[in-house]
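FYI, it's all coordinate maths here, none of it is from the lab. Treat the numbers as computed from the prediction; the structure is a model and nothing was measured. Here the Cβ is made from the backbone with ideal geometry for all residues, glycine too, and neighbour counts use every protein chain on show.
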Amino acid sequence: MVFISNIMLIFHEMNPVYELDQIHRYIDHLAGDPKQLSETVESHFFPVLQRIFFREGFEVSPDRRVNGRNVAFLLKDLDLKRPEVAVDFSFTRESKTSVLPGFAARWHEGPDRATHLLVLRNRPMSESGKKLLPRIEGNVRFLDFDGLKAHASTVFQESEARERSRAVAIVVEMVEHLIREVAAANISLTEIPWFDLERLFHRVLVGQGFHAHLTPSTKDGGRDVLCCDIQVDDVHWYAVEIKHWSGQKPGKREVGAFFDTTLREGRAGGLFLSTSGVAKSAVTLRTEINEETLRFADGDRLTRICEHYVENTSGLWERHNSLKAFLFDGTF
């Protein structure tokens, strides 16, 4: 997986066109060896699907049981609004078209039939299989490898169009300016609205080359930013909650709710960033749970993050060693 994971990790933020090209080339590479593909499908496709579906706002989780069947992956909407999507495979080793898999035809009969199903095939479906498609009930979709490449192209094009829109460009420029002003001590964090602090932290993560998702300002599921660090064979997700209170500190109730969400969603870690610090009851609660993966940060730490970001972007681009180190260094 070094071929795709490490190269695309470097170029994610710098060259999405190159990243898409690598996705296409790697899918073609897998298509040429169906025996190897069927034996190692999860490890091969994990980084590919992660890069495609993150741009659609999905998290990719490997090896889940859905509808009474072990599926290769499960797509979860990061904003908790869209149905989950199970992803599984139907491979044909010989040079012939693919038949309609039985598990897809029976998907609507399972207990989790509300979950959508995406079936990926290495070959086009046979004519007999196509005739059966109208009989399939439920939210089932099929993509062969060419279809997956076309879907990836559409997703990347739409994502880049959004990111390059004038409205987004204006917001990014504003947040970049805000980061520089905080780093230069020209303005204090107390002057910044809470929603702009969330944008600021999100922008710093993206600028460091990490995947970061800013959740909606309301009904965010108890986390403001979700971020992941793409490595050779795995993706570790972290949750960040940002509190920007005046005159008081978050306590056991607020911190407990965030920690519960972080643990329930299976995150690799969580950062509770409060510009006013946290109450002693919150620190005591965290000690009882897990000090290694659940950390606190204050306004001073956020200021130092802005300073570090400005230093990096003013010279040669330098990516932090790991997301965990970036989030947890200087925390308590």
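Nearest 10 degrees, 0 to 90: what angle lies between the long axis of helix 41-54 and the longest principal axis of the chain (Cα atoms)?
Once rounded, the angle reads 60 degrees.
Given H placed on each backbone N at 1.01 Å, which residues far from Phe89 in sequence or on other chains put an amide H within less than 5 Å of it?
HN-HN under 5 Å from Phe89: Ala72, Leu120.
Just to verify a number: FRET efficiency for Trp245 and Glu291, C-beta to C-beta distance, R0 = 25 Å, to 0.05?
Details: r = 23 Å, r/R0 = 0.92.
Working from the Cβ atoms, E equals 0.60.
Convert each backbone phi in the stretch 193-205 into a coupling constant with the Karplus relation 6.51 cos²θ - 1.76 cosθ + 1.60 (shift: θ = phi - 60°), then list the ³J(HN,Hα) values in order as whole Hz, x for Gly and Pro.
So the J values, rounded to whole Hz, are x, 4, 5, 6, 5, 5, 4, 4, 5, 4, 5, 5, 4.
In whole Hz and in residue order, list the ³J(HN,Hα) couplings for the stretch 110-121 that follow from phi through the Karplus curve 6.51 cos²θ - 1.76 cosθ + 1.60, θ = phi - 60°; x for Gly and Pro.
x, x, 9, 5, 5, 6, 6, 10, 10, 9, 9, 10
Principal axes first, then extents: for the Cα atoms of the chain, list largest minus smallest coordinate on each axis, whole Å, largest first.
Cα spread of the chain along its principal axes, largest to smallest: 69, 43, 33 Å.
Along each of the three principal axes of the Cα atoms of the stretch 169-328, give the extent in whole Å, ordering the values from largest to smallest.
Cα extents, longest axis first: 44, 42, 26 Å.
Stretched out fully, how many nm does the piece from Arg69 to Glu56 gain, at 0.36 nm a residue minus the Cα gap? Working shown, then result.
Details: separation 13, 0.36 × 13 = 4.68 nm, distance 2.50 nm.
Contour length minus Cα-Cα distance gives 2.2 nm.
Pairs of alpha-carbon atoms within less than 8 angstrom and 6+ residues apart define the contacts here; what relative contact order does the stretch 59-128 have, in percent? Don't skip to the end; give the middle numbers.
Values: 117 pairs, mean separation 21.5, N = 70.
Computed over the stretch 59-128, the figure is 31 percent.
Points 7 angstrom from Cα along the Cβ direction at Asp21 and Ser126: gap in nanometres?
That separation, rounded to one decimal, is 3.9 nm.
Say R0 is 30 Å: what FRET efficiency, to the nearest 0.05, do Ser188 and Ser314 get from their beta-carbon distance? Provide the component values of the computation, followed by the final result.
Numbers: r = 22 Å, r/R0 = 0.72.
Taking R0 as 30 Å, the efficiency between Ser188 and Ser314 is 0.85.
Given the rule -39500 (n - 2.57) for each run of at least 4 DSSP H residues, summed and divided by the residues of the chain, what is its mean residue ellipticity at 222 nm, to the nearest 500 deg cm²/dmol?
Numbers: 13 runs with 151 residues, N = 332.
Helices in the chain give a 222 nm mean residue ellipticity of -14000 deg cm²/dmol.
Could you give the angle, 0 to 90 degrees to the nearest 10, between helix 280-289's Cα long axis and the longest principal axis of the Cα atoms of the chain?
Its long axis makes an angle of about 30 degrees.
Sticking with the crude label model, points 7 Å out along Cα→Cβ, report the distance from Ala325 to Asp28 in nm, one decimal please.
3.6
Can you give the relative contact order of the stretch 169-328 as a percent, counting alpha carbon pairs under 8 Å and 6+ residues apart? It would help to have the intermediate numbers written out before the result.
Values: 227 pairs, mean separation 34.6, N = 160.
Answer for the stretch 169-328 is 22 percent.
Of all DSSP beta bridges located in the chain, what percent are antiparallel, nearest 5?
Values: 21 of 43 bridges.
Of those bridges, close to 50 percent are antiparallel.
Give the long-range amide H neighbours of Phe142: residues separated by 5 or more places, or on another chain, with amide H under 5 Å away, using H modelled in the peptide plane at 1.01 Å from N.
Amide H neighbours of Phe142: Val119.
Tell me which residues come under 5 Å, amide H to amide H, from Trp237 once H is placed; ignore anything under 5 positions away on its chain.
Those qualifying (amide H under 5 Å, at least 5 residues apart or on another chain) are Ala268.
Mind sorting Thr215, Thr284 by how few other Cβ atoms lie within 10 Å of their own Cβ, fewest first?
Working: Thr215 22, Thr284 12.
Final ranking by Cβ density, sparse to dense: Thr284, Thr215.
Tell me, what is the percent relative contact order of the chain, built from C-alpha pairs under 8 Å that lie six or more residues apart?
Dividing the mean separation by the residue count of the chain yields 13 percent.
Can you run phi through the Karplus equation (6.51, -1.76, 1.60; θ = phi - 60°) for the stretch 70-77 and list ³J(HN,Hα) in whole Hz, with x for Gly and Pro?
Whole-Hz 3J(HN,Hα) from phi for the stretch 70-77: 6, 10, 5, 9, 10, 8, 10, 5.
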